[in-house]
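To start, the structure itself, in structure tokens.
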Amino acid sequence: MDSEMNSWVCEKPGVLQKQRIAIPTPGAGEVLIRMRALGICGSDVHAFHGDQPMFNYPKVMGHEVCGEVVSCGEQVQGMKPGQMVIVIPYKHCGRCYACRRGRTTCCTSLSVLGVHFHGAMQEYIVMDVAQLLVVEDIDAQDAALIEPYAIGAHALSRSGATEKDTLLVVGAGAIGLGIADIAVALGIRVILAEVNEQRLEQAKQRFGFMETLNPQSPNYAAELLALTEGDGPGVIIDATGNAASMNSQFAHLAASGTIVFVGLHKGDVNFTDLIFHKRETTLHGSRAATIEDFKLVIRLMAEKRIHPHCMRDNVLTFDQLSQAKFSDLIQPTNTKSVITFE
């Protein structure tokens, strides 16, 4: 094995440069991983364009990881060379109030691979063994999408939705599609809402979602009520990060229902208190994912009950990567892109 590797570094907004750096050596409790596939996340897009507030330059992006174990440091158990693994890219402190309650996704010091510390847009990475899960019988390109699916699984878990509920998923981007895909696999009825007609049509064609609506339709509210026998959906998960969309969900929810916001909006969200109180609305935020969420997605993916291949628009090899080609991968028309490593 060479002593050096290629790494793509986001030097500043709009600038991606290749560098030759030393292949890292795993320390105690760490594992050296050869990259197999890397999904491109919205946070990578924001970092590249300079509007990711937690991203400092220069930094290696990338946290949707599938790789192969190369070697293990001392005190590593349960891993061996040749195994395919995925990365749980979040580090939590274990000490704050949230961590002490087992709510590690909202750790006050939560840090993310490729955002707060160097990521995986390079040929090898070293990770703590506690952040790795072995995957079997899953294609590497699919496995690279386990992390965004896990974010969707966490939002679904936060919602408490069951087979008895009608779930409205708002937003047909990668997270919204993942939520809907998992929900259908778990026997939950899904209505998918999206303002972009092209995305809505792609969702129907690729995933087979049958009940779809456009919130910008003048008849949207009436159509939603008709699909829910006049009640409104009992659970709404908004994956848009759009304030107008998030504000509107309180009026569409069934009485006693639950809303989950998984799309991040930097500004204020406003709602009428009377509408909120009359329904005894339950409102949750959803951030990142737990190990249980990852394990659920791995199981559903291995059983081929969810459809990550339907999410991918583009696949590019690491050797083909350039600043210009990366810019092509992150166009708004793309749902999900994957970089493969040969």
**Message:** Being open to solvent by 50 Å² or more (accessible area, probe 1.4 Å), in contact (Cβ under 8 Å) with a residue 40 or more places away in the chain and assigned to a strand (DSSP E or B) is the filter here; which residues of segment 2-17 pass it?
**Reply:** 11, 12, 17
**Message:** Just checking, does segment 103-113 include any residue being assigned to a loop (DSSP other than H, G, I, E, B), among the basic types (Lys, Arg) and free of Cβ contacts under 8 Å to residues at least 60 places away in the same chain?
**Reply:** yes
**Request:** Name every residue in segment 323-342 that is surrounded by 13 or more Cβ atoms within 10 Å (Cβ to Cβ) and either of a type in the set (A, V, I, L, M) or part of a loop (DSSP other than H, G, I, E, B) (or both), in order of residue number.
**Result:** 329, 330, 334, 335, 338, 339, 341
**Asked** Can you find a residue in segment 137-154 that is at pLDDT below 95 and under 30 Å from residue 71 (Cα atoms)?
**Response** yes
**Request:** Quickly run through segment 286-318 and pick out the residues that are open to solvent by 80 Å² or more (accessible area, probe 1.4 Å) and under 20 Å from residue 114 (Cβ atoms).
**Result:** 287
**Request:** Would you check which residues across segment 18-50 are assigned to a loop (DSSP other than H, G, I, E, B) and either in contact with a Pro (Cβ under 8 Å, 6 or more places away or on another chain) or of a type in the set (A, V, I, L, M) (or both) and list them?
**Result:** 23, 28, 40, 41, 50
**Qualifying residues in segment 249-284 (those that are of a type in the set (Gly, Ala, Ser) and out of contact with any helix residue (DSSP H, G or I) (no Cβ under 8 Å at 6 or more places or on another chain)) - the one farthest from residue 158 (Cα to Cα)** = 254
**Request:** For residue 33, indicate whether it is crowded, with 20+ Cβ neighbours inside 10 Å and under 17 Å from residue 322 (Cβ atoms).
**Result:** no
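The values are calculated or read from the model by the stated rules, or taken from the named source; none is laboratory data. Bear in mind the structure is a predicted one, so any value in this text is a computation, not a measurement. Note that we place each Cβ from the backbone using ideal geometry, even for glycine, and neighbour counts take in every protein chain shown. Ligands, DNA and RNA are stripped out before the accessible areas are found, and what is left, the full protein with its side chains, is counted by its heavy atoms. Shrake-Rupley method; radii C 1.70, N 1.55, O 1.52, S 1.80 Å.
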